[in-house]
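Here the structure is laid out as structure tokens; the discussion comes afterwards.
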Amino acid sequence: FLLGSYNGTIHVVQTMDASMRHDQHQYSRNQEARASSIKSGKTTITTSSISSSGIRSTLLDRQEYVPPETRGRQQIRGCAMLESPWSRKSEVQTTKLVADPQSDADAQALFQKQPEHSSKSSHILTFFLIYYNDVDNLAQQLASWLKFSTQAKEKMQFLIVDDGSTKNYRAVDVLQAQSAWTDKDIDLVVYEIEQDLVWNIGGARNLGYLTAATEWVFFNDADTIVPPETMDYTLQKLQDNFDKTNLVFRSFHRMRADGIHFRPHPAVMMIAKQAYWTNGGCDEDFIGNYGHTDVHFFYRARKTKSLDVEQMVEEMEPKGIPALRELPDDVTCPTGISCLPRLNVSAEDKPSRSVKFNKRLFDDKVMGKKPWSNEYLRFRWRRVW
């Protein structure tokens, strides 16, 4: 992780040794773990660029920068620190991602080696999806994207973050199974988290919002399909409000998997990166246990005075805009897409869905007993597509 002051100056930038991983089921960091990681002596470099919003965004990969005194002895992973208003309990209008000032020249040199992933000039939105072992759901997503209008596909880049999937069930495995997928008119980028961290939802979201090539990002759930008409409507909504980067569009109308009941989706949202990071991103202290990722993110959005949260269901339903469609658990392979065999996981191997730990953690943070974290991307990652 990255330690630093909150005045924009990094004191020390270090990573944990591989042997010093957190217990994935109890991902609460303590002072002993912090002290041990400092003793490991690992130095991480961040590579920076200036986004159109004026926020210093960081494009990180597992490329290697090694100080001369340790050359040949270590591997580097990407990390980032956000100067978050929530870490200081006071609101600011802009936030910064900062690099180690002593290594800035090396960071810029390393940035030149980063894989090209900038969007086309016609792109105004990144369609962002987190993937984890669910090959059938991803196949359904691919099929639905191909049904989007030509105008919609021209305005979007698609971004998948693979959150540590099992070998042979990775997002790239699903993509490589598609014949002539590269000939489709879809601009697609895939990043992969190398560790399989339990309930790393917040970390995967932070990675997506850090690497997205457009200022505006539409985050969708892996088991939720966006109808073509709804995507066109969403893009028009964006164009009508493109410069209002303080807006957060959430609570999209959704039809549940039973095809009968409707309920706004708690996670799907369209938000500018500037607003996302002004809100502090996702607090990665919640990683390792289930629940409260959306709860804590939108709690802070309501408390951040500069942000304006808009409930999309209040507009979609009266206008007859098709609702998002939740996929059933027994979803089958769509026509025209090659599906891999489904990964079967026994009940005892599935991580707990108990919310008790994160509920208590959330309450402690709200009451000020524990601080909101500004340590991000606590894992190794790379671009794979």
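The values are calculated or read from the model by the stated rules, or taken from the named source; none is laboratory data. Since we're looking at a predicted model, the values are computed, not measured. Cβ sites come from the backbone with ideal geometry, for glycine too, and all protein chains shown count toward neighbours. Just the protein is used for accessible areas: all its heavy atoms, side chains included, with ligands, DNA and RNA removed. Shrake-Rupley method; radii C 1.70, N 1.55, O 1.52, S 1.80 Å.
I need a count of the residues in the range 246-259 that are surrounded by 18 or more Cβ atoms within 10 Å (Cβ to Cβ) and in contact with a Pro (Cβ under 7 Å, 6 or more places away or on another chain). So the answer is 4. Taking the conditions (1) open to solvent by 10 Å² or more (accessible area, probe 1.4 Å); (2) closer than 19 Å to residue 230 by Cα; (3) among the aliphatic types (A, V, I, L, M) in turn, residue 130 satisfies each one other than (2). Mind telling me which of the residues 259, 288 ends up being part of a loop (DSSP other than H, G, I, E, B), under 21 Å from the mean Cα position of the chain (by Cα) and not charged (D, E, K, R)? One residue alone meets the criteria, 288. Selection of strands (runs of 3 or more DSSP E) fully inside the range 295-385 by the criterion of at least 3 residues being in contact (Cβ under 8 Å) with a residue 60 or more places away in the chain and open to solvent by 20 Å² or more (accessible area, probe 1.4 Å) returns 308-311. Considering only residues in the range 263-277 that are touching a residue at least 24 places away in the same chain (Cβ under 8 Å) and either acidic (Asp, Glu) or under 13 Å from residue 224 (Cα atoms) (or both), the one that is surrounded by the most Cβ atoms within 10 Å (Cβ to Cβ) turns out to be 269. Yes or no: residue 284 open to solvent by 10 Å² or more (accessible area, probe 1.4 Å) and either out of contact with any strand residue (DSSP E or B) (no Cβ under 9 Å at 6 or more places or on another chain) or modelled with pLDDT of 95 or more (or both)? When the stated conditions are applied, residue 284 does not pass them.
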